[in-house]
Each structure stands twice: as structure tokens, then as C-alpha cells.
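The values are calculated or read from the model by the stated rules, or taken from the named source; none is laboratory data. Bear in mind that the values here come from a model prediction, so they are computed numbers and not experimental data. Cβ atoms come from the backbone with ideal geometry, glycine included; neighbour counts cover every protein chain shown.
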Amino acid sequence: MILRLARLAIPVAILAALYYVYDAPYTNWSGFLYFALGFALAVHFAVLARGWGRNTLTIVASLLFFLAGAEAVAIFSESRPIDIRPRGYSASRPELGWGPEYPGTFRQVKLAAGTRETIFDVSYTIDSHRNRAVTSSETGPTVAFFGDSMTFGTGLNDADTLPQEFADLTDRKYHVVNLAFPGYGPQQMLRALELGLQDAVLKNPRLFVYQTAAWHAERAACVASFVLRAPRYILVNGEPAYQGTCFGNFLPAMGQLIANTSLFRVFISRTLRGTTREDVELDIAMMIRAGKIAREKYGVPLAILYLPTGRGYLERAGITEAEIMNRLRSGGLLVVDGGLKREDFAGQPLAIPGDGHPTGIANRARAEMLRQLLATLPSR
């Protein structure tokens with residue numbers, strides 16, 4: 001009886017641990033834990049199996065043991081910064097995939113690999129709607145910001161985020177909301193607008209803003225390594241159609257689990273660069289569709305704050321950033337080139353050293369671009 005319970009309890013415990021790793025915030029060791037727990041599961045069933053089944057499971061277990069070891073080596077050789085985030089900062093969230101679990105103040109600390117020097121040590125205030133807090137008018141017209149960690153303000157305190165800089169530059173006369181969160185792509189914006197998920201904070205709308213870059217196409221196409229829970233869309237007759245979640249497509253989902261490892265980044269991804277034309281077309285279509293909903297349902301334009309990527313990222317796709325911006329304009333979107341010239345900011349960092357996210361200085365400059373755009377819009 002005890003042996004039978006053990007045979008059942010052990011795999012259940014391992015599967016529960018796998019789900020815990022999947023559901024918990026990503027860490028540098030997540031990939032190693034996947035391989036190690038998979039090895040343990042394969043060993044358990046290999047012990048119980050007989051004949052060719054045992055042989056097959058032994059081979060699987062050996063492969064997973066090798067991958068776990070290789071992943072550990074890759075983690076140390078990759079020397080990624082140590083990212084410390086509290087539970088509750090990011091958790092599973094229906095429809096959007098993930099986001100803050102509850103309101104509160106969350107501290108994130110990022111340390112340099114090896115030296116353990118602090119890259120940043122900041123706090124994020126999450127409001128009652130589970131969005132990052134912005135100090136602005138409670139009754140003015142709403143300007144809503146969609147996007148990822150750049151718009152959310154990763155590595156910055158509340159006062160330096162792009163939405164807060166915009167609120168300050170416009171004398172806090174607008175109700176500014178920050179609907180962005182790390183890892184989001186155009187699919188979260190589109191899904192939120194389709195379902196009205198943020199309607200409680202989109203009263204009296206004036207302008208929607210989405211900050212993006214070419215590499216968002218990987219998120220749109222469910223090929224980025226961290227978007228398993230994100231909404232999934234495909235093109236049907238040139239229009240994006242909702243298909244559930246990225247995890248629902250088995251092969252891409254398994255590919256993402258592998259791609260979210262140090263092993264993949266260190267030994268494989270360096271040979272794969274850029275995105276495909278199909279990914280870019282889906283990304284463009286999703287933004288245009290979101291803009292159409294913004295106009296027809298909310299009566300406001302969608303402004304795209306486009307950050308140049310450079311470095312030949314779009315070579316594989318056979319399209320330029322200028323062409324993408326022109327396509328978006330043709331689709332009825334307001335497009336702002338968010339590129340900044342370093343010579344205009346002598347001695348002022350535009351990216352957080354050791355991290356790469358925009359600084360408050362960069363956010364202020366781009367907020368001014370948006371302020372000037374808003375001034376050109378017809379009054380309502």
C-alpha cells in the first residue's frame with residue numbers, strides 16, 4: 001500500500017514542482033529546474049518500467065541529466081545579472097497572461113553578475129487597478145500608455161517612468177494611466193481593447209499611446225522565449241484573429257521552454273538573429289487593429305512611439321523600420337519616431353548602465369515628443 005502511494009505521490013510532487021516553476025517569476029535558474037525535474041520524473045518512470053520502455057526512459061533521463069548540467073555551465077558562463085523580485089509582482093493573469101497579482105509597493109533589485117554591484121534598487125507602486133501608479137489628474141481627459149518594460153519603467157522609481165514624465169510635462173491636467181508591464185507585446189494591448197479589460201480607467205479618453213520596437217514582432221508571433229501565457233493571434237485574411245494562448249500551440253510552446261534557457265542563449269541563439277517577414281506583418285496588423293478599435297470604440301487615435309532598433313535586426317525580414325512606420329501611418333495610426341541622438345544628451349545616460357532600459361532622461365525627451373503630438377490634435 002505504501003509503495004503504491006509512493007509511486008503516485010512522487011510524480012504528482014514533481015509535476016507540482018514543475019508547475020510552480022512555470023507559474024513563478026522567471027529566474028536565471030528556471031531552465032535548470034525544468035531539466036532537473038524532468039530528469040527526476042524520467043528516472044521515476046524508468047524504475048517502474050520494463051523492457052524497451054525502461055531503455056527508452058533511461059535514454060530520456062540521461063539526455064535530461066546532460067541538459068541540466070549543460071544549463072548550469074551556461075548559467076555561469078553567461079553571467080547574467082541577478083534579478084531579485086518579490087512574489088506578487090508578476091503572476092498569472094487571465095486574458096493578458098501575467099501582471100501584478102495585487103496592489104502594493106514592490107521592490108526590484110538588480111545586481112551585476114560576479115561583482116554583485118547594484119545596477120538598480122527601485123520600488124514600483126501598483127494601484128488598485130493593478131496598474132503602475134501615475135500621479136495625475138483624477139478628472140481630466142485620459143491618456144493611456146500601453147507597452148512593455150520600457151513604458152512600465154523597469155529600473156526606475158515611479159517619478160521617472162514615461163507616463164509620469166508625460167503627466168508632469170502636461171501640468172498633470174490629464175488623467176494618465178500606465179497599462180504597460182514587462183514582457184507585454186501588441187497582443188496584450190489588442191486583447192485588452194477587444195475585451196474592454198481596462199475600461200474602468202479609460203473614462204473620457206483623449207489619446208492612446210503604444211511604445212514599441214521591431215523586436216516586439218517576436219512577441220506578437222509567440223516566438224519570444226517568455227510569452228507562453230500571452231494571447232495568441234494569427235492572420236486570417238490579413239486580420240489578426242485570437243487563438244487562445246501561445247502555450248496552446250504545442251510545438252511553439254515547447255520551443256519557447258527551450259529558448260528560455262541559458263543553454264539556448266549561449267550556444268544556439270547567437271546563430272539566429274532577427275525576425276521573419278511573417279512575424280513583422282502580424283505585429284503591424286495587430287497595431288493597426290488596435291488603432292481601429294481605439295477610433296471606433298473609444299473615439300481616440302492610437303499613437304505609436306517607435307524606437308529604432310538598428311544593428312541589422314530586420315535584415316532577415318526584408319523590411320526597414322522606415323517602411324514599418326509608413327505602413328502604420330497608412331493604417332491610420334499616429335507614428336512618432338522615438339529615436340534620440342546621443343550628441344544631444346552629452347554626459348547624460350539614455351539607458352540604465354548594465355541594464356539597457358531607458359533612463360528618466362530618455363523618458364522625459366520622449367514624453368516631450370508626445371506632448372507636442374497631443375498639441376497638434378483637434379480639440380474635442
G69 free of Cβ contacts under 8 Å to residues at least 24 places away in the same chain, in contact with a Phe, Trp or Tyr (Cβ under 7 Å, 6 or more places away or on another chain) and outside any strand (DSSP E or B):
no
Which of the residues belonging to the range 325-376 are without any contact (Cβ under 8 Å) to a residue 12 or more places away in the chain and under 24 Å from V143 (Cα atoms)?
N326, R329, S330, Q372, A375, T376
Which of the residues that make up the range 188-224 are assigned to a loop (DSSP other than H, G, I, E, B) and surrounded by fewer than 23 Cβ atoms within 10 Å (Cβ to Cβ)?
G196, L197, Q198, L202, K203, N204, W215, V223, A224
Counting only residues that are in contact (Cβ under 8 Å) with a residue 12 or more places away in the chain and surrounded by fewer than 18 Cβ atoms within 10 Å (Cβ to Cβ), which one in the range 302-312 is farthest from the chain's Cα centre (by Cα)?
G312
Matching residues in the range 80-117 - criterion: being of a type in the set (D, E) and under 21 Å from L195 (Cβ atoms):
E95, E101
Only one residue in S62, S90, S30 is touching a strand residue (DSSP E or B) at 6+ places or on another chain (Cβ under 8 Å), of a type in the set (S, T, N, Q) and on the phi < 0 side of the Ramachandran plot. Which one?
S90
Residue pairs within 8 Å by beta carbon, gap of at least six or interchain, first lying in the range 183-194 and closer than 14 Å to W98 by Cα, second hydroxyl-bearing (S, T, Y) and assigned to a helix (DSSP H, G or I), listed first then second, are G183/S149
Of the residues in the range 72-114, those that are part of a loop (DSSP other than H, G, I, E, B) and free of Cβ contacts under 8 Å to residues at least 40 places away in the same chain come to S79, P86, G88, P94, E101, Y102, P103, A113, G114
Picked from the range 19-47 (must be of a type in the set (A, V, I, L, M) and at pLDDT below 85), the residue nearest to the chain's Cα centre (by Cα) is A24
So L57 fits all but one of (1) more than 21 Å from the chain's Cα centre (by Cα); (2) at pLDDT 85 or above; (3) outside any helix (DSSP H, G or I); what number is the exception?
(3)
Given the conditions (1) in contact with a His (Cβ under 8 Å, 6 or more places away or on another chain); (2) closer than 22 Å to L350 by Cα; (3) hydrophobic (A, V, I, L, M, F, W, C), which single one is not true for V143?
(2)
Testing G299 on (1) buried (at least 18 other Cβ atoms within 10 Å of the Cβ); (2) touching a Pro at 6+ places or on another chain (Cβ under 9 Å), one condition comes back false. Which one is that?
(1)
Determine, yes or no, whether I59 is assigned by TED's automatic domain parsing to the domain that holds R7 and surrounded by fewer than 17 Cβ atoms within 10 Å (Cβ to Cβ).
yes
